[in-house]
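Below: one structure, written as structure tokens.
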Amino acid sequence: VDEVSYLNSKILVTGRERTLVDCIHRQNLSGGLEGIIHAIQSCPSIDADAICKYAFTLNYSTLYGKIGYLLEKFGVKAGVKLEDLEPLLKKLPKYVPYLGDAKTGWQYNRRWQIFVPNELAKEASLEI
């Protein structure tokens, strides 16, 4: 967290990677999955190591698969590689979380051990 001046005030701001993790963690406060995907795709670069380190400080194992899935599917243009996300794969939870709040239709993603809304799974397969 950095302190910067803005309109004669000091405000605290976070970097790109911390902001992405926080948005994925609190999707209801950050524009939902569509907004998060757009943000990931808009990043010129993403430091996967910084993402992993911050995610591990939060210590929410259900978050690791969500981050990994979204960055694997939508972070390629920002330079994210699957091998950069390996630390997340090693710490996935024993139970299966859901990504998002779709009302109907889920697809299980075996690699990241999460349920993904059908529409997102279809969209992600088109992106690759």
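Report yes if some residue within region 7-15 is under 11 Å from the mean Cα position of the chain (by Cα), among the hydroxyl-bearing types (Ser, Thr, Tyr) and open to solvent by less than 70 Å² (accessible area, probe 1.4 Å); otherwise report no.
Checked region 7-15: no residue is under 11 Å from the mean Cα position of the chain (by Cα), among the hydroxyl-bearing types (Ser, Thr, Tyr) and open to solvent by less than 70 Å² (accessible area, probe 1.4 Å).
Scan (1) over 23 Å from Val96 (Cα atoms); (2) open to solvent by 20 Å² or more (accessible area, probe 1.4 Å); (3) in contact with a Ser or Thr (Cβ under 8 Å, 6 or more places away or on another chain) for the single condition Lys77 breaks and write down its number.
(3)
Quick check on this structure: which one of Ala48, Ala102 is of a type in the set (Gly, Ala, Ser) and buried (at least 19 other Cβ atoms within 10 Å of the Cβ)? Step through it out loud before you land on a result.
On the way: Ala102 fails: buried (at least 19 other Cβ atoms within 10 Å of the Cβ).
None of the other options fit; the residue is Ala48.
When you check Lys53 against the structure, is it buried (at least 20 other Cβ atoms within 10 Å of the Cβ), within 14 Å of the chain's Cα centre (by Cα) and of a type in the set (Lys, Arg), yes or no?
It is false that Lys53 is buried (at least 20 other Cβ atoms within 10 Å of the Cβ), within 14 Å of the chain's Cα centre (by Cα) and of a type in the set (Lys, Arg).
Does region 28-37 hold any residues that are within 16 Å of Phe74 (Cα to Cα) and either surrounded by 16 or more Cβ atoms within 10 Å (Cβ to Cβ) or in contact (Cβ under 8 Å) with a residue 60 or more places away in the chain (or both), and which are they?
Gly32, Leu33, Ile36, Ile37
The values are calculated or read from the model by the stated rules, or taken from the named source; none is laboratory data. Predicted model only: the values in this text are computed from it and were never measured. Methodologically, a virtual Cβ is constructed for each residue, glycine included, from the backbone with ideal geometry; neighbour enumeration extends over all protein chains shown. The accessibility values were calculated without ligands, DNA or RNA, using every heavy atom of the protein model including side chains. Shrake-Rupley method; radii C 1.70, N 1.55, O 1.52, S 1.80 Å.
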